[in-house]
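Notes follow once the structure below has been shown.
The values are calculated or read from the model by the stated rules, or taken from the named source; none is laboratory data. Computed from a predicted structure; not experimentally measured. Please note: Cβ atoms are built from the backbone with ideal geometry, for glycine as well, and neighbour counts cover all protein chains shown.
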Amino acid sequence: MSERREPLPTGVHRTSSAAETEALAARVAAALAPGDVVLLSGDLGAGKTTFVRGAARALGVTGNVTSPTFTIGRRYEGRVGVSHLDLYRLGGLDDEDPALLADYLGPERVAFVEWPAIAEEALADAGVVVAARVALAHAGADAREITVTPG
Ligand code: ADP
Ligand code: MG
C-alpha cells in the first residue's frame, strides 16, 4: 500500500460496467491505510463484491476474490492484509463468539464489510475506524450509482 493517502473520491459516481466499478474501488483503495474499515451497502447484485474485488486488487491481492460462503469472511494478503466480510446470512451477533469480527480486523489490515448493519454497534465497540461508506444501487442494466462518503 502506498505511503501517501490519496483523497477519498467522495460523492455520487455512475459506472456502466463491473470494470468501471472496480476502477472506482481502486481509487477508494488508494485513500485507505491499514486499520481502515469500509462498509458497503446495496441490494443483492448491486456490485458490493465486485467493488471489494477491485479494491483488493489495487491493494495487491492477486488470487481470486469471491464472496465468502461457508464463513463470514475471507482474509487475503496483498501489500497490506485485506479482509472481506459478508454478514448477509448472520441474523445477529448476540449468539456469536465475540472474537468473530476480531479475526478479520486489526491495525495492519484493511477490512471491507458487506451487509454491515447488524455489526455497526460491535464495530464501534471494537474501536473500529470507519474510513468510508459505499452505497451501491442499480441504475438500469449494467449501470450503477455508487455513493462514497467518509466514515
Ligand atoms: P453484490 O455483492 O452487491 O451482491 P456482486 O458484485 O456479487 O453484487 O454482483 C454484481 C453483478 O453485477 C456482477 O455479476 C457484475 O459483473 C454485474 N455488474 C454489471 N454491471 C456492473 C457495474 N456497473 N458495477 C458492478 N457490477 C456490475
Ligand atoms: Mg456480495
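Can you list the strands (runs of 3 or more DSSP E) lying wholly within the range 1-86 that have 1 or more residues being within 13 Å of the chain's Cα centre (by Cα)?
On the way: elements: 11-15, 36-41, 73-77, 81-86.
Hits in the range 1-86: 36-41, 73-77, 81-86.
Identify, from the list G60, G73, the residue that is away from ligand 2 (no atom under 11 Å from the Cβ) and either within 23 Å of A19 (Cβ to Cβ) or touching a Lys or Arg at 6+ places or on another chain (Cβ under 7 Å) (or both). Break it down into steps so the answer makes sense when it comes.
Values: G73 fails: either within 23 Å of A19 (Cβ to Cβ) or touching a Lys or Arg at 6+ places or on another chain (Cβ under 7 Å) (or both).
Exactly one of G60, G73 is away from ligand 2 (no atom under 11 Å from the Cβ) and either within 23 Å of A19 (Cβ to Cβ) or touching a Lys or Arg at 6+ places or on another chain (Cβ under 7 Å) (or both), namely G60.
Criterion first (assigned to a helix (DSSP H, G or I) and either within 12 Å of ligand 1 (Cβ to nearest atom) or over 16 Å from the mean Cα position of the chain (by Cα) (or both)) does E96 satisfy it? If you could, list the steps in order and put the result at the bottom.
Details: assigned to a helix (DSSP H, G or I): no; either within 12 Å of ligand 1 (Cβ to nearest atom) or over 16 Å from the mean Cα position of the chain (by Cα) (or both): yes.
Here the answer is no, as E96 does not meet what is asked.
Could you list, in sequence order, all residues of the range 97-128 that are exposed (fewer than 13 other Cβ atoms within 10 Å of the Cβ) and either in contact with a Leu (Cβ under 6 Å, 6 or more places away or on another chain) or aliphatic (A, V, I, L, M) (or both)? Don't jump to the end; show me each part of the working.
We begin by selecting, within the range 97-128, every residue exposed (fewer than 13 other Cβ atoms within 10 Å of the Cβ); these are 97-99, 102, 107-108, 117, 121, 124-125, 127.
Scanning the range 97-128 gives A99, A102, A117, A124.
Taking only pairs six or more apart or across chains, which ones have beta-carbon atoms under 7 Å, a first residue in the range 40-68 that is among the hydroxyl-bearing types (S, T, Y), and a second residue that is more than 9 Å from ligand 1 (Cβ to nearest atom)?
Here the result reads S41/A135, each pair linking the range 40-68 to a residue that is more than 9 Å from ligand 1 (Cβ to nearest atom).
Name the residue, out of A58, A26, A30, that is within 14 Å of ligand 1 (Cβ to nearest atom) and hydrophobic (A, V, I, L, M, F, W, C). Step through it out loud before you land on a result.
On the way: A58 fails: within 14 Å of ligand 1 (Cβ to nearest atom); A30 fails: within 14 Å of ligand 1 (Cβ to nearest atom).
Result: A26 is the single residue among A58, A26, A30 that is within 14 Å of ligand 1 (Cβ to nearest atom) and hydrophobic (A, V, I, L, M, F, W, C).
Taking the range 11-27 as the search range and keeping residues that are in contact with a Gly (Cβ under 6 Å, 6 or more places away or on another chain) and within 16 Å of ligand 2 (Cβ to nearest atom), which one is farthest from A143 (Cα to Cα)? Spell out how you get there, then give the answer.
As a first pass, look at the range 11-27 and keep what is in contact with a Gly (Cβ under 6 Å, 6 or more places away or on another chain): 21-22, 25-26.
Narrowing further to those that are within 16 Å of ligand 2 (Cβ to nearest atom): 21-22, 25.
On the way: T21: 10, E22: 13, A25: 15 Å.
Filtering the range 11-27 for residues that are in contact with a Gly (Cβ under 6 Å, 6 or more places away or on another chain) and within 16 Å of ligand 2 (Cβ to nearest atom), the one farthest from A143 (Cα to Cα) comes out as A25.
Checking V110 against (1) β-branched (V, I, T); (2) within 14 Å of ligand 1 (Cβ to nearest atom); (3) under 12 Å from the mean Cα position of the chain (by Cα): exactly one of these is not met. Which one?
So V110 meets the others, but not (2).
Among L100, L85, L44, which is the only one that is under 19 Å from V28 (Cβ atoms) and out of contact with any His (no Cβ under 8 Å at 6 or more places or on another chain)?
Working: L100 fails: under 19 Å from V28 (Cβ atoms); L44 fails: under 19 Å from V28 (Cβ atoms).
Criteria check complete, one pass: L85.
Being within 19 Å of G45 (Cβ to Cβ), touching a residue at least 40 places away in the same chain (Cβ under 8 Å), acidic (D, E) and within 14 Å of ligand 2 (Cβ to nearest atom) narrows it down to one residue among E114, E145; which is it? Give the derivation first.
Values: E145 fails: within 14 Å of ligand 2 (Cβ to nearest atom).
Result: E114 is the single residue among E114, E145 that is within 19 Å of G45 (Cβ to Cβ), touching a residue at least 40 places away in the same chain (Cβ under 8 Å), acidic (D, E) and within 14 Å of ligand 2 (Cβ to nearest atom).
Please tell me if G106 is at pLDDT below 95, under 28 Å from P7 (Cα atoms) and in a loop (DSSP other than H, G, I, E, B). Break it down into steps so the answer makes sense when it comes.
On the way: at pLDDT below 95: yes; under 28 Å from P7 (Cα atoms): yes; in a loop (DSSP other than H, G, I, E, B): yes.
Judged against the criteria, G106 is a match.
When the residues of the range 40-55 are filtered to those that are more than 6 Å from ligand 1 (Cβ to nearest atom) and in contact with an Asp or Glu (Cβ under 9 Å, 6 or more places away or on another chain), which remaining residue is nearest to G151 (Cα to Cα)?
Step one: filter the range 40-55 for residues more than 6 Å from ligand 1 (Cβ to nearest atom), giving 40-41, 43, 51-55.
Now narrow it down to the ones that are in contact with an Asp or Glu (Cβ under 9 Å, 6 or more places away or on another chain): 40-41, 51-55.
Working: L40: 11, S41: 13, F51: 17, V52: 17, R53: 20, G54: 20, A55: 17 Å.
Here the residue is L40.
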